[in-house]
Every structure is written in structure tokens, then in C-alpha cells.
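The values are calculated or read from the model by the stated rules, or taken from the named source; none is laboratory data. Only a predicted model underlies this, so the values are computations on that prediction, with no experimental measurement involved. Methodologically, a virtual Cβ is constructed for each residue, glycine included, from the backbone with ideal geometry; neighbour enumeration extends over all protein chains shown. Only protein heavy atoms, including side chains, enter the accessible area calculation; ligands, DNA and RNA are left aside. Shrake-Rupley method; radii C 1.70, N 1.55, O 1.52, S 1.80 Å.
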Amino acid sequence: MNSGKPNILITEPIPAKVIDHLRDFANVTVGEKGYFQSEENLINEIQPYDALLCMLSVPVTEAVMKAGSNLKIVANFAVGYDNIDVETAGSLGIRVANTPDVLTEACGDYAMGLLLALSRKLKEAEQYLRDGNFKGWEPLGFLGMELRDRNLGIIGMGRIGQAFAHRARAFGMNILYHNRSKLDPDSEKALDATYIEDSGELAEKSDVVSLNCPLTDNTRHLVDSDFLNRMPDHALLINISRGAVIDEEALAEALHNKVIAGAALDVFEKEPEVHPKLLIAPNTLLLPHIASATHRTRQDIGMLAADAIISVLNGKDDREIPNLITP
């Protein structure tokens, strides 16, 4: 490594434009996919680096940061940051950055796509055709849920939740939401959204429940057997937030026993592992964490993380770096 430049570790390949942007400023090492999901590997190799650009799957623990004696910033290639021990980072003077805003529209589109695919049984219908079973139009074939006048209950009405709500409104859905606090009156009016203080009540009143909340102590396994039993039996569940918001064992049982009608999941509690009962559950759409997977969004995510790294290493005032996380 060139001692005249700072050293940056990117834990796995990301868009080339982002890597080139950082290489104009620093010595950059790009790890192999999956290698730095091991805490031990990260501890063993982190010491020379001034900055870490990592994925949600990388465990940036107290031990990792103490081993990284030169670390000045950890930037997550994501909005979430539950993989980072933020309190320890703060105590060690290490900045933490995430990437808000830039993936909002892609995730809003994706949530709407999941709902359309799930409600109209697109996966099952395509497989039926591919298996050679399509012999002509069937009046009772693959009947699904029409969205107009249905209630969409959103848990977590942040940027992505609101983006999904705007799209669902265009399909004629009624918007209910549960959040840590009510939206301001103008935002609520723009969505014609109704605040539900109790998440269980929202479950009872919703034809579709969408999870768009961060993972916290309060939201871990928020969707458990009690929550699922309160949902109507025709209801659908969508999750593009964090896998651990759902008790996956309880959801698998609910799907197999037809307590609810279906689920579309982009995230899982023990990624990349998927609960085996979910893999064989009926009317279940399972996808490999691709909500933000557009060329533009993934590049924008990387550039926002990269710019935070460059700003911190250049000594820029924290108040001028909007995507830093405060412990």
C-alpha cells in the first residue's frame, strides 16, 4: 500500500464507478464476495485500513473496531446499519455512515411489484405454463386479489413506506399505517392515510401488510403467531425491511395452515439461509434481497457511501456530512 494515501477496504465488489472514484483518492482493496462475512477474517485484516465500506452482511462488531486501530469511518452500502455496533464506534471516535434517500424510489417500485406478483399469483401461473399444463383460458384459473378498495397496512412510514403508499394509492388502495409517530398533517393528507396506533389492530384491518420498518428491539419478531392470527385469512404479507422483523417459524406455520393467504419476502432472518418450511410454503414469493437492485440505485448507494468516506478522511466537519449516524 502507498503510505502517502489513506487505505480503504471494500468488503466485496460494487459498481466500478464507485471503486474508481475512491481510487482517485486512496489505496483501495476489494474483498471477495462473502469473505468478510466472517468476523474472524475481518478482525485479522482490518488493522491497516482507515475506512471500511461494507455490506449489511458484514459484522462490524466491537472486536472488529478495536482491531481496526486506524479506522476513522465505517460506511454501510445500505440504509440499514444493524450490522454495526454504533455505540462502540462512537466511543472509539469512528464515524458511521449509511445511504438514505437514494434507494427510496427503487424500493417503492419493488414493493409494488411484489404485491402485484403475489396478489395475482404470477409465479404459480408461469410455472403452470412452463410445466406444459396450459391448455387454454380457464374461468377459474389462478384467481387472485384485486387491489382497488383494499386496505394496505404499512408498518414503518418512512421514505420507503411513503413511496410504496403513493404507488398503492394509484391502484385505488386505502392506506393505513403504524409508525413510531404520526406523519405531519400534510404528508398524511397527501396519502389520505389513516394512523393506527396499535400494530395488532392494523393487522386486523389490513388486506395487505407491508413491513418497511427498521430492525430494533421493538420490531424484532413483531410479526409473530399472535400478529398473524389477527390478520384476515385472505390477507397477504410483504417484507422488504429486515428478516428478523418476522418470526419465520410462525410465518411458515401460518402459510401452511392457511392462516393467511400468502407472503412475499425479500429479506430473511439468517441470510443467506432461508427457513426450510418457507421454501415449501404455498403462495410464497421468496427473493434474494434485491429491492434496491437497479443500475442507478446501486451506483448511487456506493457514491453516497464513498463521498462520506472521502469527507471524513479529509477532515470535513461532521455537520456537513448528512448521512452520518449519531450514536
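The table below gives the values:
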quantity	calculated
Flag for Lys277 being among the charged types (D, E, K, R), at pLDDT 95 or above, touching an Asp or Glu at 6+ places or on another chain (Cβ under 9 Å) and open to solvent by 10 Å² or more (accessible area, probe 1.4 Å)	yes
Selection within the stretch 20-43 - surrounded by fewer than 18 Cβ atoms within 10 Å (Cβ to Cβ), under 21 Å from Arg95 (Cα atoms) and either touching a Phe, Trp or Tyr at 6+ places or on another chain (Cβ under 7 Å) or free of Cβ contacts under 8 Å to residues at least 60 places away in the same chain (or both)	Arg23, Thr29, Val30, Glu39, Ile43
One residue from Arg95, Arg159 being touching a residue at least 40 places away in the same chain (Cβ under 8 Å), in contact with a Pro (Cβ under 9 Å, 6 or more places away or on another chain) and open to solvent by 40 Å² or more (accessible area, probe 1.4 Å)	Arg159
Residue pairs meeting the criteria (Cβ under 8 Å; at least 6 apart or on separate chains; first at positive phi, in the stretch 51-73; second buried (at least 24 other Cβ atoms within 10 Å of the Cβ) and not hydroxyl-bearing (Ser, Thr, Tyr))	none
Number of the condition not met by Ala254 [criteria: (1) among the aliphatic types (A, V, I, L, M); (2) in contact with a strand residue (DSSP E or B) (Cβ under 8 Å, 6 or more places away or on another chain); (3) crowded, with 22+ Cβ neighbours inside 10 Å]	(2)
Meets criteria (charged (D, E, K, R), modelled with pLDDT of 95 or more and assigned to a loop (DSSP other than H, G, I, E, B)) for Glu40	no
Of residues in the stretch 56-81 being open to solvent by 50 Å² or more (accessible area, probe 1.4 Å) and hydroxyl-bearing (Ser, Thr, Tyr), the one modelled with the highest pLDDT	Ser69
